[in-house]
Amino acid sequence: MLALVASGWSILGIGALIVGGIVVGLIAIYNDLVTRQVRCDNAWSDIDVQLKRRHDLVPNLVEVVRQYADFERGTLEDVVAARGRALSAGTARESAAAESALSGTLKSLFALAENYPQLRASEQFTGLREALAGCEEPLQSARRYYNASVRELNTAVRMFPGVLVAGLGGFGPREFFEIADDAERAVPSVKLGP
């Protein structure tokens, strides 16, 4: 009788260990998903800081160009409108498309600036142009870090057993910060003269 009670306790103990192991495993998976999600949020914040820095330079650039050059009004309006769309973008996909458009309008602005020697010689213009160029490397770095964080999170929420915990915990995949299509990758065309 004592052997029967002892074997019952050992079966119960083994069952408790198995259940405890499963619970600890689920907690570990949940905590890993939380960590990855926080890393993505932090990475997006880094992108946001770099974009804000870039966006803050654009109005100054437009004002300097306005002072020195008799530009087509449409070019300056395009830059301002593209900046506005970039500032109001919500998702990573919207931000990527808006930033692509802003980059295109800035390239057009710089290409047209080549026709104005006084503008090119301006220290303000040169400084703003260099500051904008200086924004690109940290921005690219922030984008790479964000996309790597998103890749890790997306992989974790789609793989077993993470997919089970992700569904219960409300974790889902994130969008990458990337250029949406080849049309946005194209170099903008600039027509000079008649």
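The values are calculated or read from the model by the stated rules, or taken from the named source; none is laboratory data. Just so it is clear, the structure is predicted and the values come from calculations on it, not from any experiment. Don't worry about glycine lacking a Cβ; one is built from the backbone with ideal geometry, like all the others, and counts go over all protein chains shown.
Select from segment 152-163 the residues that are touching a residue at least 12 places away in the same chain (Cβ under 8 Å) and surrounded by fewer than 16 Cβ atoms within 10 Å (Cβ to Cβ) and list them in ascending order.
Taking segment 152-163 first, the residues touching a residue at least 12 places away in the same chain (Cβ under 8 Å) are 152-154, 156-158, 161-162.
Result: Glu152, Arg158, Pro161.
Would you say Ala133 is modelled with pLDDT of 90 or more, part of a helix (DSSP H, G or I) and either buried (at least 18 other Cβ atoms within 10 Å of the Cβ) or not basic (Lys, Arg) (or both)? Let's see the steps before the verdict.
On the way: modelled with pLDDT of 90 or more: no; part of a helix (DSSP H, G or I): yes; either buried (at least 18 other Cβ atoms within 10 Å of the Cβ) or not basic (Lys, Arg) (or both): yes.
Judged against the criteria, Ala133 is not a match.
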Quiz item: Can Leu26 be described as modelled with pLDDT under 90, part of a helix (DSSP H, G or I) and either among the aliphatic types (A, V, I, L, M) or closer than 30 Å to Val165 by Cα (or both)?
Solution: no
Quiz item: Out of segment 82-122, which residues are loosely packed, with under 15 Cβ neighbours inside 10 Å, under 30 Å from Cys40 (Cβ atoms) and free of Cβ contacts under 8 Å to residues at least 12 places away in the same chain?
Solution: Gly84, Ser88, Gly90
